[in-house]
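Following: one structure in structure tokens, then a few remarks.
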Amino acid sequence: MSLNKKVKKNLVFDIVVVGAGPTGIAFACGFAETNIRVAIVDKLPREVVANPKIDGREIALTHHSVKILKKLDVWRHISSRLISEIKEARVLDGSSKYFLNFNHQEIRKENLGYLIPNHVIRESLYKRLRKLPNITLINKAECVSVDINKQYASIMLSNGKKIKASLIVAADSRFSKVRSKMGISVFSRDFNKDMIVCRMEHEKPHENIAYEFFRYNQTQASLPYIKNQSSIVTTATKDFSSNLMKMSDKKFNQEMQNSFNNFFGKMKLIGKRYSYPMITTYTKKFVSHRFAVVGDAAVGMHPVTAHGFNLGLKGLEILINEIKTAIKNKTDIGLTAVLQNYQSKLHRVAAPIYLATNGIVNLYTSTIFPAKLTRQFILRLVNTVKPVKRAFLSVLE
């Protein structure tokens, strides 16, 4: 991997990726052992990209996502002692003891997926990235302007450098600045809530089962990590979330224990608490001439189904395949016709998951009586009607 201190003022690449987050780096790694020259631009220093801070988020990876990471030669960099298996997932509504259950045996695999800290995934991606000579990391720089014509695309950076490329790929979060500079708008939904994430140790074993408790005024989720630890995700109103963040550790421990109705016995906070706003986004178009969005810049998911990064990996897999097919056919990779294939394929995958997730959140956080009846009906419907349950399980394979 090349570093920006070695590059010239005017640079030429095949692809420039804006954003050195996990999706942006994973996308670049997809061109390992090719002649494709890729630049990654990010405002953060290289040291921060290489050694990302703990952000409280644990990523639940599907089997297909693991397959993608193995293909990118990233999976081997993740220590097995930092990986936890998810054997089952259960969804509970209110105070009802009835639950929707997803079991690994239903997909004929050893587990439903794996839980890995977000910063560990990012570290592993960088370890892979630094070994790739055809990828240049341009750090401490932001995109100031974008100019696209028939022959090429170019971006002006805050460090004074100008990059020319056949294709620009935005991977700079659901609030993508580059997407905005391209005049592409999004469908956005602000749930007016915050998500508090943290790691907690608990008295009773989780038995590798993930839980989602819909409490109406707040949602509690637990994702099983190593030993008797779980990633705890609490989604609540901004006022209550603010109170949760300000509580002493002792009071927070008791609050979580009460919120889970003593389900895990005594609970103890490990490390810090982190807060994130609950805003989902769906970009109105994923491509334009010589431009594409990937990851959260394309679709910013609600965390309730834990499919954000999985969808991002699926999207970059599609785009990488379309680009490689175009190169094989000696076609310009920036042409709208090439990129439209990516857009249509990603839309078919993303739209149902995005709409279903937002629908689930709306239904399971509503306090009106008809919604409560509908919730119980849906849980039983999915549990008992095999084709319906199969549709839900298919995203895990």
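Expressed as a whole number of Å, what is the distance separating the alpha-carbon centroids of segment 74-89 and segment 326-341?
36 Å
I'd like the distance between the alpha-carbon centres of segment 148-208 and segment 222-277, rounded to an integer number of Å.
Value for the Cα centre distance between the two parts: 27 Å.
Per residue of segment 76-83, what does 6.51 cos²θ - 1.76 cosθ + 1.60 with θ = phi - 60° give for ³J(HN,Hα)? Whole Hz please, x for Gly and Pro, Karplus curve as stated.
So the Karplus estimates, Gly and Pro as x, are 5, 7, 8, 5, 4, 6, 9, 10 Hz.
Any idea which of Met195, Gln218, Asn208 is furthest toward the positive side of the dipole for segment 177-218, if Lys and Arg beta-carbons carry +1 and Asp and Glu beta-carbons -1?
Checked the options; the winner is Met195.
Short version: ³J(HN,Hα) in whole Hz for each residue of segment 257-264, in order, from phi by Karplus 6.51 cos²θ - 1.76 cosθ + 1.60 (θ = phi - 60°), x for Gly and Pro, what are they?
4, 6, 4, 8, 6, 6, 4, 9
List the pairs from Lys251/Lys272; Lys71/Lys162; Lys140/Lys272 whose alpha-carbon separation is above 23 Å, in the order I gave them.
Cα-Cα > 23 Å for Lys71/Lys162; Lys140/Lys272; rest within.
Among the chymotrypsin sites (Phe, Trp or Tyr not before Pro) within segment 208-267, which fall in a DSSP loop and have no more than 15 other Cβ atoms within 10 Å of their own Cβ?
Loop-located and lightly packed - Tyr216.
State which entries of Lys43/Lys246; Lys43/Lys324; Lys53/Lys177; Lys87/Lys345; Lys285/Lys324; Lys227/Lys268 exceed 19 angstrom in Cα-Cα distance in the structure shown.
Checking Cα-Cα distances, Lys43/Lys246; Lys43/Lys324; Lys53/Lys177; Lys87/Lys345; Lys285/Lys324 exceed 19 Å.
Explain nothing, just compute: Karplus ³J(HN,Hα) = 6.51 cos²θ - 1.76 cosθ + 1.60, θ = phi - 60°, for every residue of segment 222-237 in order, whole Hz, x for Gly and Pro.
So the Karplus estimates, Gly and Pro as x, are 10, 10, x, 10, 5, 6, 9, 10, 9, 7, 9, 10, 10, 10, 8, 4 Hz.
What aspartates and glutamates sit close enough to Lys250 to cross-link, taking a C-alpha to C-alpha distance under 19 Å and skipping anything fewer than 8 places away on the same chain?
By straight Cα distance, Lys250 reaches Glu201, Glu203.
Please order His289, His119 by the number of other Cβ within 10 Å, starting at the fewest.
In increasing order of surrounding Cβ atoms, one gets His289, His119.
Laboratory data are not the source of any read-out in this text; all were calculated from the coordinates shown. Remember, predicted model here, so these are calculated numbers, not experimental data. With ideal geometry, Cβ positions are generated from the backbone for all residues, glycine too; neighbour counts draw on all protein chains shown.
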